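Read the structure below first, then the notes.
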């Protein structure tokens, strides 16, 4: 049976614009009473790192290199026309100018609305990340079967 | 995002407290009273303010 008040989003992308979509949908749904589950996997994990800039996060040489290259939330590129990181700065400026919530404000709203954050166990293993590398709001580290059980009966999106 | 901010502020209030939300005409002006009512809050009034085009929505928790 479908639970009309449950939304689960698989946040795969670490792109600024796609993460903005994830958190806009998530906060909007939570505000009107939905149970919201965010499952961060692969590049999406960048959004929930404690260190939001470029930092050698991760265990081992290659994960640390990835950590520096990918960075955290503040280093997220836009999916098109990134222009070496200039475009996200322009987007943030335009969002503030037009009184639209920035990505950081949306993440903060998600935390305040007590949206459920989960990290993908497999992706963490590949990227050498640990739960302690993430913000404390990350409730748990899950595999696919646990996430499917969690999202059962609601709507699921992949972004 | 306007209702998201409204909901976050409502969460901080005690039962019986009143929140004044000022918005321009458009989607938020329709959405906020409807969503607040659906969430079980008491929408006391929606009225134009002295500032042209700005409305005040009074919501009781």
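No lab work stands behind these numbers, since they all come straight from the coordinates. Here the structure is a predicted model, which means the values were calculated and not measured. Reconstructed Cβ throughout: ideal geometry from the backbone, glycine too, with neighbour counts over all protein chains shown.
Say each of residue B:24 and residue A:84 gets a label point 7 Å from the Cα, pointing the same way as Cα to Cβ; how far apart are those two points in nm?
Once both label points are built, they end up 3.6 nm from each other.
Quick check: the angle from helix B:2-12's long axis to the longest principal axis of chain B, C-alpha only, nearest 10 degrees?
40
Using Cα atoms only, what is the angle between the long axis of helix B:27-38 and the major principal axis of chain B, expressed in degrees (0 to 90) to the nearest 10?
20
When A:159, B:54 are ordered from fewest to most other Cβ atoms inside 10 Å of their Cβ, what list results?
Ordered from fewest to most neighbouring Cβ atoms within 10 Å, A:159, B:54 come out as B:54, A:159.
Run a plain Debye calculation on the range B:2-60 (Cα atoms as equal point scatterers, no solvent) and give log10 I(q)/I(0) at q = 0.16, 0.30 Å⁻¹, rounded to two decimals, same order as the q list.
After summing over all Cα pairs, the log10 values are -0.43, -1.39.
Let me know the Rg and Dmax you get for the range A:1-93 when you use only its Cα atoms, in Å.
15.0, 47
Mind checking the mean number of beta-carbon atoms from other chains within 10 Å of the Cβ atoms in B:27-36?
For peptide B:27-36, the averaged partner shielding equals 1.
Within 10 Å of each Cβ in A:31-40, how many Cβ atoms from other chains are there, averaged over the peptide?
3
When chain A is modelled as a GNM with alpha-carbon springs shorter than 10 Å, which of A:19, A:38, A:94 fluctuates the most?
Top of the fluctuation ranking is A:94.
In whole Å, what is the distance between the alpha-carbon centres of the range B:5-61 and the range A:67-90?
Using only Cα atoms to place each centre, the spacing works out to 36 Å.
Quick one: among A:47, A:123, A:26, which has the greatest mean-square fluctuation in a GNM of chain A with alpha-carbon springs under 10 angstrom?
In this elastic network of chain A, the residue with the biggest mean-square fluctuation among A:47, A:123, A:26 is A:123.
Looking at the range B:2-60, what % of its DSSP beta bridges pair antiparallel, to the nearest 5? Walk me through the numbers on the way to the answer.
Working: 13 of 13 bridges.
So the antiparallel bridges amount to about 100 percent of the total.
Take the Cβ-Cβ distance between residue A:59 and residue A:155 as r, set R0 to 30 Å, and report the resulting FRET efficiency rounded to the nearest 0.05.
0.30
In Å and on Cα atoms, what radius of gyration and Dmax does chain A show?
Rg and Dmax of chain A, Cα atoms, are 15.3, 47 Å.
Relative to the present Cα-Cα distance, how much length would full extension add between residue A:114 and residue A:98 at 0.36 nm per residue of separation?
Extra length from residue A:114 to residue A:98 when fully extended: 3.1 nm.
For A:113-119, what's the mean count of beta carbons from other chains sitting within 10 Å of each residue's beta carbon?
1
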